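What follows is calculated from the coordinates using simple rules that are stated; it is not laboratory data. In this text, all values refer to a predicted model and were calculated from it rather than measured experimentally. Backbone-built Cβ (ideal geometry, glycine too); neighbour counts: all protein chains shown.
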Amino acid sequence: MARIPLLQMSGISLTFGGEPVFSDLDLVVQPSDRVALVGRNGSGKSTLMKVMAGLVEPDAGEVVIPPGKSVGYMEQDPVMTGFATLGDYAASGLEPGELYKVERAGEGLKFDPARPVETASGGERRRAALAKLMAEAPDLMLLDEPTNHLDIEAIGWLERELGATRAAFVLISHDRAFLRALTRATLWIDRGVVRRQEKGFEAFEAWRDKIWEEEDQQRHKLDRLIKSEARWAVEGISARRKRNQGRVRALQALRAERAAQIKRQGSAAMSLESGPKSGRKVIEAVGLSKSFDGKQIVRNFDLLVQRGDRVAFVGPNGVGKTTLLKMLLGEVAPDAGEVRLGTNLEVAVFDQTRAQLDPEMTLWDSLTGDPEMRVSGKADQVMVRGQPKHVVGYLKEFLFDERQARAAVKSLSGGEKARLLLAKLMAKPSNLLVLDEPTNDLDIETLDLLQELLDEYDGTVLLVSHDRDFLDRVATTTIAMEGNGRATVYAGGWSDYIAQRGEVSQEKIGKSKPSKPKVKQEGKPKQGLSFSEKHRLEKLPAEIERLEAEIAKLEELMSDPELFTREPVKFQKATEALVERQQKLAAAEEEWLMLEEKAEAG
């Protein structure tokens, strides 16, 4: 049934650097839409979202937002010029009586509103931008990787908030658990084409694989037809030249069609090679205790890591996960206790701060300038697991093109920087991998490949991540750091850890939402309510059902595209009636929830 959209894009075309990004794109976002926006890194997801937000002007087409509707965009790099603190920025645009919304979001997202803008990190700025958007509560929220720089607790808070909101949202994220919990439709950008499926992310990969399989079948049929026609042309064209010029032209058209097809972006050709086997015992920690800046990191902590283990460290930001990692590697001394490292260890580290990358260097120099990758006397080659390779060829294995080889590292996107760091890490044999937030900014296909490589890796893995799905896929042991020196070892990944704690998983909390009222109330009378409240609770389901039916009829009436020009007065009255009934419905549902909660509490 047609509804008045929150946002409508018609005939959108956009080129970037001479390359087409979108061509003649039509897109509609409806009220209550919960949309996952997915695609490979560099496919144009963020660009499309900026067009939706009005921050990027398309070359052709228009973006229409109905009067009275608002669209909010979470900025990746918010401009905070003129604001003294993060709280000042997050509260800008709010009424004085609404400042509590920023404080509430600040608690959930774990950022300090009093933090001066000048000293705030990039992650803190992004959390402030997200808090600003959540506090403003627009009709349509555009969220580009909102979970980056959030710990698992903050991700759970955001998941619950978005699960309960009445606003529509479009969401870009690499976090599968987050997408599965929240989305009911999927937009997929693939080689400049935007497809939509009215199912959430849970169904995306099966849908994608089916489309690709059909595409491969069509390409195979086309290739066979071209081969057949080409054989005919070679064997018999001279005898039938005049009569078969049309068939020759058809063959040329087939070849042109095949040449015009855009090849799918392949997966990065990543591979991990274990170095010589380490000893069976990799790390043994006994009685570790450590305080830092007056905060207890661990207290009397024991751990045994054996060859082949995949050990994940989880907990809030700032709890000391990286510090514990460094103690286990012998880089930071404990206040008490002892760490014994196994024999024959070759360690490779993926640093979440990307400190191993110099932003001013080119990609070429970043690889060839690495002492462990340098090939003596060969300025254009790098040593990859003991074999020399041309630097451009190796970069192509990680989906960089030849033009990017001489570009500065600072010009790369977050996902591209992660791939470059993986290229450096995977060039060297190792038997102990330390991965500190490796999943940030990687697209889903690259995450899949990384998980497969870790499954096949013969060495040992120490992993810090807030990606619950990735933890479930990779970890065999989870160390939960909960603050005040508590660090507890659990068998399995994230879901196993939650189950062993006897708590409901954050994923289930994120998915849960109040069920709609049933028309018939069954069972014993509700306690804790006055007589009038009980009567009201019994009447509300029928009232809600009536309002929903009236809204459906009004939406059906307004779906007539000629109504506005044919009967403008009727259109205006129908619009006003629709808004009025939607407001009454929202109020009735809220009242029902309040009375139900009061009855349950009684």
Listing Val63, Val305 by rising number of other beta-carbon atoms within 10 angstrom, fewest first, gives Val63, Val305
Taking the convex hull of the Cα atoms, report for the range 407-466 its projected area averaged over all directions, in nm².
-> 4.5
Computed lengthening from Glu213 to Ala586, 0.36 nm per intervening residue step minus Cα-Cα distance | 129.9 nm
Among His149, His390, which comes first, then next, by fewest other beta-carbon atoms within 10 Å?
-> His390, His149
If we restrict to alpha carbons, what Rg and Dmax does the range 281-510 come to, in Å?
-> 18.8, 60
Packing-based exposure ordering (other Cβ within 10 Å, fewest first) of Ser532, Ser43 = Ser532, Ser43
Residues in the range 477-500 near a label at Phe292, defined as backbone nitrogen under 15 Å from the 7 Å Cα→Cβ point?
-> 481-487
Based on the alpha-carbon gyration tensor of the range 531-601 and its eigenvalue square roots a ≥ b ≥ c, which shape applies: rounded if a/c is under 1.5, prolate if not and a/b is larger than b/c, or oblate?
-> prolate
Provide the convex hull volume over Cα atoms per residue for the range 14-70, in Å³.
-> 98
Where does the charge balance sit around Leu341 when Lys and Arg score +1, Asp and Glu -1, over other residues with C-beta under 10 Å from its C-beta?
-> +1
So what's the range 1-123 giving for Rg/Rh, alpha carbon basis, Kirkwood Rh from the mean inverse pair distance?
-> 1.03
